[in-house]
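Asks: Below is one structure. I have some questions about it.
Computed from the coordinates by the stated procedures, all read-outs in this text should not be read as laboratory data. In this text the structure is predicted, and so the values were computed from the model without any measurement. Please note: Cβ atoms are built from the backbone with ideal geometry, for glycine as well, and neighbour counts cover all protein chains shown.
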Amino acid sequence: MEDLLNAFLLMSNFVFVPAIAYGSQLALGAVGVTLVYGILRFSNFAHGDIMAFGTMVVILFTWLFQSYGINLGPLPTALVALPFGILATAIFLLGSDKFVYKFYREKKAVPVTYLIASVGIMFVLNGIVRFIIGPDDQRFADGERFIIKAKTMKQYLGTAEGVSIKVSQGLTVVTAVIVVVALFWFLNKTRTGKSMRAFSDNEDLALLSGISPDKVVSVTWILVAILATIAGTLYGLDKSFKPFTYFMLLLPIFASAIVGGLGNPLGAIAGGFVIAFSEIMITYPYKKFVAYIVPGDWKPEGLVQLLATDYKFAVSFIILVLVLLFKPTGIFAGKSV
Amino acid sequence: MSYLIGENMTGGYGAADILHGCNIVAERGEIAVIVGPNGAGKSTAMKAIFGMLNIHTGSIILDGEDITSLSPQARVAKGMAFVPQTANVFPSMSVEENLEMGAFLRRDDISKTMDEVFDLFPILKDKRSQNAGELSGGQRQQVAVGRALMTQPKVLMLDEPTAGVSPIVMDELFDNIIEVAKTGITILMVEQNARQALNIADKGYVMVQGRNKFTDTGEVLLNNPEVRKSFLGG
């Protein structure tokens, strides 16, 4: 009995809690991608680097506030810097739309042209971020580190295993829930939100109804700025900020959006968790877990690990390919790619 | 002066002209129907009146005002409403949301207009929370027309409204169109079901190859032997 409890605590500590946090971060990123696909009708390959840019601005302002001695007690100071990051990202995205994407909209370019243009924006952001903050790891988390420590739980429960929940993980989940609820309220209950859904559904009819395409485009980019900056900051607080890592996040984020159904925000959230749980569960060494569950002589020799943790991204990639092959419209039947 | 005038319209989608000096006129509260064989330019003529097509010769005049240079959105603001033949609803949005989107340009209280639409199409009231994409073809057409009516237009243009609907629903739809015209809205309609359409028309335009061939009241055209022979089927 105690073994089963230990097994559960072990899984919670190394799989469930990290997967829920990682899933929330991917979900926020994927919603940003899916909004651009559904409303602006192209795959935005710059999304990872948009997250990096937003997080970079947040980091710079966090360092500034830290030097002024501003802090939020147990919560990270980055939360105060967040609005500045969002503002800077929104300005950049609106600018990139005005100087790059608008040109192609006027020429009625095909979607793949926008995709390539977004790759160009990706390289520009890549360069800007590395130029300003450098390519190395940056740590900017402060405040309390843990909500619950594994050691404390072990003592309290008297078990061999415990679960630690970091402040950044709890913050990720709470923030993600707030952002998602706010987004769905906006899309379903406000006039502007409904007009964006209409624009995504049937662009010609939306134009005939008098919906302004410029306003829809601007609001979309502002939403992307908000989502990307928050997702990037939460990821950076939880793990660390390194520009290259954010570029690599593009793969699991796209996998999440596609698995859930492109253009469908609910799907993006579900997809985020599917990808996060898959990545972690497939690369987790189950040796200790199995040891708790099975009788003594059956204890495993090897690590019982399906794939090494280095192959985490391979898991997203395989899921992405499988979904595209067998059910391209994703779980929630979004637009096909 | 007539309420809606499409005068000497000549133009096309690209290099070749489809319309050649086409004339369409409708009075207030009148039902004007454009019929003709396939490829005659009926839908093209209506799109030209709405501004979805650029005509290099001719003009469109609404209530005495020349609106030839206005974009379709601007013409909607002037009181025109257009119901396309296909893709005429927002499929992933509910019936009620579709109607709300129809009234997007209005800033006042739209609930009274929505009630009027529900009176006209009672079945939409039952299905108000259902997604428009899940409705049957006939019901979708009703949503499409309802959406157009939400702006309280002066002119309602319908592109083949009975395409793909069953005969009973077609009758109901024509009855509804007559109801709408009674409220003073000018109806301009392109139709393939020429006989039934001319039956309810105050004025009929038979177009062939981008030109007006016959213009008269619906009743006269129905009894015209040449019209009957060429494409009413005798």
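Asks: What aspartates and glutamates sit close enough to A:Lys215 to cross-link, taking a C-alpha to C-alpha distance under 13 Å and skipping anything fewer than 8 places away on the same chain?
Replies: Correct list for A:Lys215: A:Asp97.
Asks: Starting from the 7 Å offset along Cα-to-Cβ, what nm value, one decimal, do you get for the label separation of B:Ser230 and A:Asp204?
Replies: Rounded to a tenth, the inter-label distance reads 2.8 nm.
Asks: Further question on the same structure: Cα centroids of segment B:140-195 and segment B:38-75: how far apart, whole angstrom?
Replies: 19
Asks: For B:Phe214, enumerate residues with amide H under 5 Å from its amide H, sequence gap 5+ or separate chain, H modeled in the peptide plane.
Replies: For B:Phe214, the qualifying residues are B:Val206.
Asks: Given the C-alpha centroids of segment A:129-146 and segment A:208-280, what is the distance between them in whole angstrom?
Replies: Answer, in whole Å: 21.
Asks: Next question. Which residue, A:Gln169, A:Gln25, A:Gln138, tops the fluctuation ranking in a GNM of chain A built on C-alpha contacts under 10 Å?
Replies: Result for chain A, Cα springs under 10 Å: A:Gln138 fluctuates most.
Asks: How much FRET efficiency would the formula 1/(1 + (r/R0)^6) give for A:Val181 and B:Arg28, where r is the Cβ-Cβ distance and R0 is 45 Å, rounded to 0.05? Mind showing how you got there, number by number?
Replies: Details: r = 49 Å, r/R0 = 1.10.
The calculated FRET efficiency here is 0.35.
Asks: Using a basic spin-label model with each label point 7 Å from the Cα along Cα→Cβ, how many nm lie between A:Val174 and A:Gln66?
Replies: Taking the simple label geometry, A:Val174 and A:Gln66 are separated by 2.1 nm.
Asks: Work out the FRET efficiency for A:Thr113 and A:Tyr156 from their Cβ-Cβ distance, taking R0 = 45 Å, and round it to the nearest 0.05.
Replies: For A:Thr113 and A:Tyr156, the calculated efficiency is 0.15.
Asks: Could you pull out every one of the lysines with an alpha carbon less than 18 Å from that of A:Lys327, ignoring same-chain neighbours closer than 8 positions?
Replies: A:Lys335
Asks: Need the list of aspartates and glutamates near A:Lys299 for cross-linking: C-alpha distance under 16 angstrom, and skip anything on the same chain fewer than eight residues off.
Replies: Candidates past the 8-residue exclusion: A:Asp3.
Asks: Along the charge dipole of segment A:2-248, Cβ charges K/R +1 and D/E -1, which of A:Pro213, A:Phe61, A:Ile148 sits furthest on the positive end?
Replies: Checked the options; the winner is A:Pro213.
Asks: 7 Å from Cα along Cα→Cβ at both B:Asp126 and B:Leu105: what's the point-to-point distance in nm?
Replies: For B:Asp126 paired with B:Leu105, the spin-label model returns 3.4 nm.
Asks: Rank A:Gly23, A:Gly260, A:Gly73 by mean-square fluctuation in a GNM of chain A with C-alpha springs under 10 angstrom and give only the top-ranked residue.
Replies: Checking each option, the largest mean-square fluctuation is seen for A:Gly73.
Asks: Another question, if that's okay. If you build a Gaussian network model of chain A, linking Cα atoms that sit under 10 Å apart, which residue out of A:Tyr22, A:Tyr156, A:Tyr235 swings the most?
Replies: Maximum among the listed residues: A:Tyr156.
Asks: Please give the length that would be gained between B:Ser69 and B:Ser2 if that part of the chain were fully extended, namely 0.36 nm times their separation in residues minus their C-alpha to C-alpha distance (nm, one decimal). If you can, show how the numbers build up before the last one.
Replies: On the way: separation 67, 0.36 × 67 = 24.12 nm, distance 1.95 nm.
That pair, B:Ser69 and B:Ser2, stretches by 22.2 nm at full extension.
Asks: Which trypsin sites (Lys or Arg not before Pro) from segment B:57-117 combine a DSSP loop assignment with at most 14 other Cβ atoms within 10 Å?
Replies: Numbers: sites: B:Arg75, B:Lys78, B:Arg106, B:Arg107, B:Lys112; in loops: B:Arg106, B:Arg107.
Within segment B:57-117, the qualifying trypsin sites (Lys or Arg not before Pro) (loop, at most 14 other Cβ atoms within 10 Å) are B:Arg106, B:Arg107.
Asks: Note down the net charge around B:Thr215, summing +1 for each Lys or Arg and -1 for each Asp or Glu among other residues with Cβ under 15 Å from its Cβ.
Replies: Residues close to B:Thr215 contribute a combined charge of -3.
Asks: If you plug each phi of segment A:129-134 into the Karplus form 6.51 cos²θ - 1.76 cosθ + 1.60 with θ = phi - 60°, what whole-Hz ³J(HN,Hα) values come out, in order, with x for Gly and Pro?
Replies: 5, 5, 5, 7, 10, x
Asks: May I ask you to compute the full-extension gain from A:Ile91 to A:Asp137, defined as 0.36 nm times their residue separation minus their alpha-carbon distance, rounded to one decimal in nm? Provide the component values of the computation, followed by the final result.
Replies: On the way: separation 46, 0.36 × 46 = 16.56 nm, distance 2.56 nm.
The A:Ile91-A:Asp137 span can extend by a further 14.0 nm.
Asks: Any chance you could check the Cα centroid distance between segment A:20-78 and segment B:112-132 for me, in angstrom?
Replies: 43
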